[in-house]
Each structure stands twice: as structure tokens, then as C-alpha cells.
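A quick write-up on the structure given underneath.
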Amino acid sequence: MKNFTTFLFLIISVCGLNAATLYVAPNATGNGSSWTNAADLQTALKAAKHGDEVWVTRGTYFPTKSNDRNASFVITDGVKVYGGFRGNENSLAQRDVQANLTVLSGEIASPSIDDNSYNVVFTKHVSAATKVDGFTIKGGAANAAVTGQGNRQRCGGGWFNNGAN
């Protein structure tokens with residue numbers, strides 16, 4: 001039993017060492033390794049792997065700088081994304097989501113809702129290990145004139161979770 005406990009401890013330790021925290025700020029250009037080297041949100045989400053945390057400072061974030069209505073913030077299974085940071089915290093407990101409003105917005109083109117992102121956040125086959133916390137999600141417009149149950153362009157303006165299959 002002692003060998004099994006030691007083996008389990010080693011597996012948990014090794015898996016825990018692979019988890020990373022990625023830091024995000026509006027208009028940032030770094031690699032996300034620290035607050036001073038923060039990345040933009042899309043870069044951090046593309047780099048994040050199962051078990052990683054993405055810490056996002058206050059501000060408004062858009063899924064694209066173009067007018068591509070299919071653009072979304074894609075969150076991979078097991079990634080935890082937290083908003084509400086000032087940009088100098090060392091622990092999750094230090095963030096203040098009330099004072100540091102963090103918005104994910106689908107308002108990508110003109111002020112009209114007719115050209116907003118279909119879905120602001122997109123997830124596919126995610127488990128309970130995935131978390132999105134401390135954000136206001138707004139401005140998605142799943143308003144395409146398409147048919148079909150569960151069509152991403154017609155459902156889930158704020159958040160579309162594809163749980164098919």
C-alpha cells in the first residue's frame with residue numbers, strides 16, 4: 001500500500017508541475033508568463049492546456065479585431081479562466097471582480113447588434129474541470145437566418161457549448 005501511495009503522490013506532483021498560470025491584459029503583446037509580460041486573451045487561450053489557469057485583468061476583450069462573426073473565445077477542456085484582476089496579484093484570492101470589471105464582448109464591428117460575433121465564448125466537450133469565472137459576457141448575436149437544432153450561428157449568443165456526441 002505504501003508503494004501505491006508513493007506512486008499516486010508522484011503522479012499528482014508531476015501533473016501539478018505541468019500546470020501554468022497565464023497572465024492577460026488588454027492589448028498586451030507578451031507570452032503571458034507574468035503580469036509584466038502579459039499576453040492578449042486569444043494568445044493565452046490558444047496556449048492554455050488542461051489544468052492551466054488564465055488570469056485576466058479588468059477591461060473589455062473582443063474575440064477578433066476584424067468583422068469575422070464566427071470568432072469566439074475558445075476555451076479548451078480543463079482550462080480555468082478567471083477575470084477580475086488588477087494586474088499585480090499573486091493569488092486567486094486577491095482578485096476583486098466587483099472593482100475590476102472584466103468584460104468579454106461580441107461587439108466586433110459597428111454599434112449594431114447585426115454584425116456582432118455569433119458566440120462570445122465557445123466550448124466543446126468540456127468537463128467540470130473547465131471554469132469561466134469573474135466575467136461579464138455580452139454582445140453576442142446568434143441571429144443568423146439558418147435552421148437546425150443547435151446551430152452555432154443561431155444559438156448561444158453569449159456562450160455556445162457544443163456537447164454533441
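Can you spot a residue in the stretch 39-47 that is of a type in the set (S, T, N, Q), assigned to a helix (DSSP H, G or I) and either farther than 28 Å from residue 110 by Cα or free of Cβ contacts under 8 Å to residues at least 60 places away in the same chain (or both)?
Yes, there is a match, as at least one residue in the stretch 39-47 is of a type in the set (S, T, N, Q), assigned to a helix (DSSP H, G or I) and either farther than 28 Å from residue 110 by Cα or free of Cβ contacts under 8 Å to residues at least 60 places away in the same chain (or both).
Mind checking which residues of the stretch 50-94 are open to solvent by less than 10 Å² (accessible area, probe 1.4 Å) and among the aromatic types (Phe, Trp, Tyr)?
The answer is 73, 85.
For the stretch 126-165, name all the residues that are farther than 23 Å from residue 83 by Cβ and touching a residue at least 12 places away in the same chain (Cβ under 8 Å).
Within the stretch 126-165, 143, 144, 150, 152, 153, 154, 155, 163, 164, 165 qualify.
Inside the stretch 105-114, can you point out the residues that are surrounded by 15 or more Cβ atoms within 10 Å (Cβ to Cβ) and of a type outside the set (A, V, I, L, M, F, W, C)?
Across the stretch 105-114, the qualifying residues are 105, 106, 107.
Determine, yes or no, whether residue 141 is aliphatic (A, V, I, L, M) and either assigned to a strand (DSSP E or B) or open to solvent by 30 Å² or more (accessible area, probe 1.4 Å) (or both).
Considered against the rule, which asks whether it is aliphatic (A, V, I, L, M) and either assigned to a strand (DSSP E or B) or open to solvent by 30 Å² or more (accessible area, probe 1.4 Å) (or both), residue 141 comes out as no.
Listed residues 156, 134; which is at pLDDT 90 or above, buried (at least 19 other Cβ atoms within 10 Å of the Cβ), at positive phi and not aromatic (Phe, Trp, Tyr)?
Checking each option against the conditions leaves just 134.
Please go through the stretch 68-98 and give me each residue that is closer than 16 Å to residue 47 by Cβ and aliphatic (A, V, I, L, M), ordered by number.
Correct list: 74, 75, 79, 81.
Report, by residue number, each residue of the stretch 72-89 that is at positive phi and outside any loop (DSSP other than H, G, I, E, B).
Within the stretch 72-89, 84 is the sole residue that qualifies.
Mind counting the residues in the stretch 115-131 that are in a loop (DSSP other than H, G, I, E, B), open to solvent by less than 60 Å² (accessible area, probe 1.4 Å) and aliphatic (A, V, I, L, M)?
Summing the residues that are in a loop (DSSP other than H, G, I, E, B), open to solvent by less than 60 Å² (accessible area, probe 1.4 Å) and aliphatic (A, V, I, L, M) in the stretch 115-131 gives 3.
If a residue must be of a type in the set (S, T, N, Q) and under 21 Å from residue 36 (Cβ atoms), how many such residues does the stretch 75-112 contain?
Of the residues in the stretch 75-112, 6 are of a type in the set (S, T, N, Q) and under 21 Å from residue 36 (Cβ atoms).
The values are calculated or read from the model by the stated rules, or taken from the named source; none is laboratory data. As the structure is a prediction and not an experimental result, all values here were calculated from the model. Positions of Cβ are generated from backbone atoms using ideal geometry, with glycine treated the same way; all protein chains shown enter the neighbour counts. These accessible areas exclude ligands, DNA and RNA; they are computed on the full protein's heavy atoms, side chains included. Shrake-Rupley method; radii C 1.70, N 1.55, O 1.52, S 1.80 Å.
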